[in-house]
Amino acid sequence: LGKDRELIWLDLRFAVVDLDRLLEQTERGQVDDLLLQGIDWTQQLLPDLDRLGALMMAWASVARKIWQLKFADALERFLDRFDPPEEGARRAAMALLRIEPGHEPAARLLIRHHIAKGNRGAALKAYSRLCDHLLDEFGVEPDPETTSLANLLRQPAARKAPEQERTTVSGSDRLVIFMADFAAPAVDSDHR
């Protein structure tokens, strides 16, 4: 904090702003848990400025929106960098949907992530949340790309070909090898 007879100021070289740090992490592709939980931009960001008058309330409102847009932009840039099965894809999509619940590319990535993980129920739930939000807020339905993805989810799961099926041992990750009997050169020996 700097001061002289008439001014007081904050020297930013010695201050750490949590939103700056969080935005830098996000721009590097690290999605903080705080973004996954969702930030209440009106209650958690500059919460007391609204009481200082109309001018400060207007400035705080604009500042909150600018921060939301910065985070949304940083997260949007990472949507194409992750493959759907990656955990980073899920985190980026979920954080972006916390900021903008109607963000269709983020919803599609989240749906694809759940499909890749074999969780059709979670994929359908993500689609349903998107549909509800778009209908409630804007009176529209998802675009055709999102709808066709959901239609694929609603089709019965295709049965795997026998060569693709695998047997698992319940409760164990042990490797089990089955061997058939084999012939031995001598009649008396039974080597297995």
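Residues to consider are 53, 38; find the one that is within 26 Å of residue 143 (Cβ to Cβ) and modelled with pLDDT under 80. Spell out how you get there, then give the answer.
Working: 53 fails: within 26 Å of residue 143 (Cβ to Cβ).
Result: 38 is the single residue among 53, 38 that is within 26 Å of residue 143 (Cβ to Cβ) and modelled with pLDDT under 80.
Out of the residues in segment 60-86 that are of a type in the set (Lys, Arg) and outside any loop (DSSP other than H, G, I, E, B), which is farthest from residue 102 (Cα to Cα)? Show your work before the answer.
Initial filter on segment 60-86 (of a type in the set (Lys, Arg)): 64-65, 70, 77, 81.
Of the ones still in play, those that are also outside any loop (DSSP other than H, G, I, E, B) are 64-65, 70, 77.
Details: 64: 19, 65: 16, 70: 17, 77: 17 Å.
Top of the filtered list is 64.
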**OP:** Hey, could you check segment 56-85 for residues that are at pLDDT below 85, among the hydrophobic types (A, V, I, L, M, F, W, C) and under 17 Å from the mean Cα position of the chain (by Cα) and say which is surrounded by the most Cβ atoms within 10 Å (Cβ to Cβ)?
**Re:** 78
Original post:
Mind checking which pairs have a first residue in segment 141-157 that is free of Cβ contacts under 8 Å to residues at least 12 places away in the same chain and a second that is of a type in the set (D, E, K, R), Cβ under 8 Å, 6 or more apart or different chains?
Top reply: 147/141
Original post:
In the set 89, 106, which member is of a type outside the set (Lys, Arg), assigned to a helix (DSSP H, G or I), at pLDDT 90 or above and touching a helix residue (DSSP H, G or I) at 6+ places or on another chain (Cβ under 8 Å)?
Top reply: 106
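The values are calculated or read from the model by the stated rules, or taken from the named source; none is laboratory data. What you see is a predicted model, and the numbers here were worked out from it, not measured in a lab. Positions of Cβ are backbone-derived with ideal geometry, glycine not excepted, and every protein chain shown enters the neighbour counts.
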